[in-house]
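The values are calculated or read from the model by the stated rules, or taken from the named source; none is laboratory data. Model, not experiment: these values are computed from the prediction. Counting neighbours? That spans all protein chains shown, and the Cβs are built from the backbone with ideal geometry, glycine included. Side chains included, ligands, DNA and RNA excluded: accessible areas come from the protein's heavy atoms. Shrake-Rupley method; radii C 1.70, N 1.55, O 1.52, S 1.80 Å.
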Amino acid sequence: FDAAVFLNSFHHVPVDVMDAALIEVARVVTPGAKIIIVEPLAAGTFFAALRPIEDETEIRAAAQAAIARAVSAGRLQEASRHDIIRRDAFPTIEPFLQRVIDADEDRRPVIVAKRTEIEAAFTAAAERDGNGAYKLEQPIRAFILRKGQDSP
(Lines give C-alpha, C1' and ligand atoms only; values in the text may rest on other atoms or scores of the structure.)
Protein backbone atom coordinates (compact mmCIF):
# COMPACT_ATOMS: atom_id res chain seq x y z
CA PHE A 1 0.00 0.00 0.00
CA ASP A 2 1.15 3.55 -0.64
CA ALA A 3 -0.42 4.80 2.60
CA ALA A 4 -2.32 3.65 5.67
CA VAL A 5 -4.69 5.65 7.84
CA PHE A 6 -6.12 5.11 11.31
CA LEU A 7 -8.69 7.88 11.79
CA ASN A 8 -10.03 7.92 15.36
CA SER A 9 -9.83 4.14 15.25
CA PHE A 10 -6.53 2.86 16.61
CA HIS A 11 -7.76 3.03 20.22
CA HIS A 12 -10.49 0.54 19.20
CA VAL A 13 -7.86 -2.10 18.40
CA PRO A 14 -7.66 -4.53 21.36
CA VAL A 15 -4.73 -3.56 23.60
CA ASP A 16 -3.12 -6.99 23.35
CA VAL A 17 -2.78 -6.67 19.56
CA MET A 18 -1.97 -2.94 19.21
CA ASP A 19 1.75 -3.62 18.81
CA ALA A 20 1.05 -6.37 16.28
CA ALA A 21 -1.28 -4.06 14.34
CA LEU A 22 1.49 -1.49 13.97
CA ILE A 23 3.97 -4.18 12.94
CA GLU A 24 1.49 -5.36 10.32
CA VAL A 25 0.80 -1.88 8.95
CA ALA A 26 4.56 -1.31 8.64
CA ARG A 27 4.86 -4.64 6.83
CA VAL A 28 2.17 -3.91 4.23
CA VAL A 29 3.14 -0.37 3.23
CA THR A 30 5.74 0.37 0.61
CA PRO A 31 9.05 1.98 1.60
CA GLY A 32 8.49 5.70 2.11
CA ALA A 33 4.72 5.30 2.47
CA LYS A 34 2.95 7.48 5.00
CA ILE A 35 1.15 5.97 7.96
CA ILE A 36 -1.27 8.50 9.41
CA ILE A 37 -2.70 7.92 12.87
CA VAL A 38 -5.20 10.43 14.22
CA GLU A 39 -6.30 9.73 17.79
CA PRO A 40 -8.38 11.57 20.37
CA LEU A 41 -6.62 12.18 23.67
CA ALA A 42 -8.08 11.46 27.09
CA ALA A 43 -8.54 15.17 27.78
CA GLY A 44 -10.79 18.09 26.98
CA THR A 45 -14.40 18.97 27.59
CA PHE A 46 -15.79 16.57 24.96
CA PHE A 47 -13.96 13.73 26.71
CA ALA A 48 -15.29 14.91 30.10
CA ALA A 49 -18.86 14.84 28.75
CA LEU A 50 -18.31 11.39 27.17
CA ARG A 51 -16.67 9.84 30.22
CA PRO A 52 -19.87 8.82 32.08
CA ILE A 53 -21.00 7.03 28.90
CA GLU A 54 -17.69 5.32 28.17
CA ASP A 55 -14.46 6.09 29.98
CA GLU A 56 -11.73 5.62 27.37
CA THR A 57 -8.92 6.94 29.58
CA GLU A 58 -6.95 3.68 29.66
CA ILE A 59 -7.52 2.64 26.06
CA ARG A 60 -6.55 6.04 24.68
CA ALA A 61 -3.37 5.98 26.78
CA ALA A 62 -2.63 2.45 25.57
CA ALA A 63 -2.92 3.59 21.95
CA GLN A 64 -0.47 6.45 22.52
CA ALA A 65 1.92 4.08 24.31
CA ALA A 66 1.80 1.55 21.46
CA ILE A 67 2.64 4.26 18.93
CA ALA A 68 5.53 5.44 21.11
CA ARG A 69 6.86 1.86 21.42
CA ALA A 70 6.75 1.37 17.64
CA VAL A 71 8.72 4.56 17.12
CA SER A 72 11.26 3.86 19.87
CA ALA A 73 11.77 0.31 18.54
CA GLY A 74 12.46 1.69 15.05
CA ARG A 75 9.46 -0.04 13.43
CA LEU A 76 7.98 3.37 12.58
CA GLN A 77 9.65 6.74 12.13
CA GLU A 78 7.86 9.89 13.22
CA ALA A 79 7.89 12.42 10.40
CA SER A 80 5.69 14.86 12.31
CA ARG A 81 3.19 15.15 15.12
CA HIS A 82 0.36 17.64 15.33
CA ASP A 83 -1.81 18.36 18.35
CA ILE A 84 -5.07 19.96 17.34
CA ILE A 85 -8.35 20.77 19.03
CA ARG A 86 -11.64 19.74 17.48
CA ARG A 87 -14.36 22.17 18.50
CA ASP A 88 -18.02 21.22 18.42
CA ALA A 89 -21.13 23.20 19.28
CA PHE A 90 -24.42 21.49 20.12
CA PRO A 91 -27.72 23.38 20.46
CA THR A 92 -28.82 20.84 23.11
CA ILE A 93 -27.51 17.61 24.59
CA GLU A 94 -29.49 15.51 22.07
CA PRO A 95 -27.14 15.98 19.06
CA PHE A 96 -24.17 15.20 21.33
CA LEU A 97 -25.82 11.98 22.46
CA GLN A 98 -26.71 11.06 18.89
CA ARG A 99 -23.09 11.53 17.83
CA VAL A 100 -21.80 9.17 20.53
CA ILE A 101 -24.51 6.62 19.67
CA ASP A 102 -23.68 6.90 15.96
CA ALA A 103 -20.08 6.00 16.83
CA ASP A 104 -21.18 2.99 18.90
CA GLU A 105 -24.77 1.79 19.18
CA ASP A 106 -23.86 -0.16 22.35
CA ARG A 107 -23.74 3.19 24.15
CA ARG A 108 -27.52 3.66 23.86
CA PRO A 109 -28.51 1.56 26.91
CA VAL A 110 -25.82 3.25 28.99
CA ILE A 111 -27.25 6.64 28.05
CA VAL A 112 -30.74 5.53 29.04
CA ALA A 113 -29.53 4.12 32.38
CA LYS A 114 -27.27 7.04 33.30
CA ARG A 115 -29.10 9.96 31.69
CA THR A 116 -29.05 12.24 34.77
CA GLU A 117 -25.31 11.72 35.37
CA ILE A 118 -24.55 12.24 31.68
CA GLU A 119 -26.57 15.46 31.51
CA ALA A 120 -24.74 16.78 34.59
CA ALA A 121 -21.33 15.96 33.07
CA PHE A 122 -22.29 17.52 29.74
CA THR A 123 -23.55 20.72 31.37
CA ALA A 124 -20.51 20.96 33.65
CA ALA A 125 -18.03 20.40 30.79
CA ALA A 126 -19.57 22.61 28.12
CA GLU A 127 -19.21 26.34 27.76
CA ARG A 128 -22.13 28.27 26.32
CA ASP A 129 -21.67 30.52 23.31
CA GLY A 130 -23.56 33.72 22.51
CA ASN A 131 -26.38 31.72 20.92
CA GLY A 132 -26.74 29.39 23.90
CA ALA A 133 -25.08 26.43 22.18
CA TYR A 134 -22.94 24.06 24.23
CA LYS A 135 -19.30 24.15 23.12
CA LEU A 136 -17.03 21.17 23.66
CA GLU A 137 -13.37 20.70 22.75
CA GLN A 138 -11.54 17.44 22.00
CA PRO A 139 -7.72 17.43 21.82
CA ILE A 140 -6.52 15.17 19.04
CA ARG A 141 -3.02 14.00 18.17
CA ALA A 142 -2.15 13.33 14.54
CA PHE A 143 0.99 11.38 13.69
CA ILE A 144 2.57 11.28 10.26
CA LEU A 145 4.76 8.19 10.35
CA ARG A 146 6.88 6.24 7.89
CA LYS A 147 8.02 2.66 7.83
CA GLY A 148 11.09 2.36 10.04
CA GLN A 149 14.44 0.77 9.31
CA ASP A 150 13.66 -2.13 11.64
CA SER A 151 10.45 -3.07 9.81
CA PRO A 152 10.25 -6.08 7.52
- prompt: Just for the chain, what percent of DSSP beta bridges are antiparallel, to the closest 5?
  reply: 80 percent
query: Using alpha carbon centroids, what distance separates segment 14-66 and segment 80-152, in Å?
result: 15 Å
task: Evaluate the chain: find the radius of gyration of its Cα atoms, find its Kirkwood radius, and give the ratio Rg to Rh.
output: 1.05
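Give me the 1.4 Å probe accessible area per residue for the chain, excluding ligands and nucleic acids, in Å². List each step's numbers first, then the result.
Working: 8130 Å² over 152 residues.
Here the residues of the chain average 53 Å² of exposed surface.
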GNM top mover of Pro31, Pro109, Pro52 - the chain, alpha-carbon springs below 10 Å: Pro109
Accessible surface of Lys114 - all protein chains present, 1.4 Å probe, nearest 10 Å²: 70 Å²
message: Just want the answer: with Cβ charges of +1 for Lys and Arg and -1 for Asp and Glu, which residue in Thr116, Leu136, Ala33 is farthest toward the dipole's positive end in the chain?
response: Ala33
message: Tell me the carbon and sulfur percent of the accessible area for segment 2-94, rounded to whole percent, probe radius 1.4 Å.
response: 58 percent
- request: Excluding residues on the same chain fewer than 8 positions from Lys147, give the lysines whose Cα lies under 29 Å from its Cα.
  value: Lys34
query: Projected onto the charge dipole of segment 1-82 (+1 at Lys/Arg Cβ, -1 at Asp/Glu Cβ, origin at the Cα centre), which of Pro52, Ala62, Ser80 gives the Cα projection farthest towards the positive end?
result: Ser80
message: Treating only the Cβ of Lys, Arg, Asp and Glu as charged (+1, +1, -1, -1), what charge dipole size does the chain show about its Cα centre? Round to the nearest 20 debye.
response: 400 debye
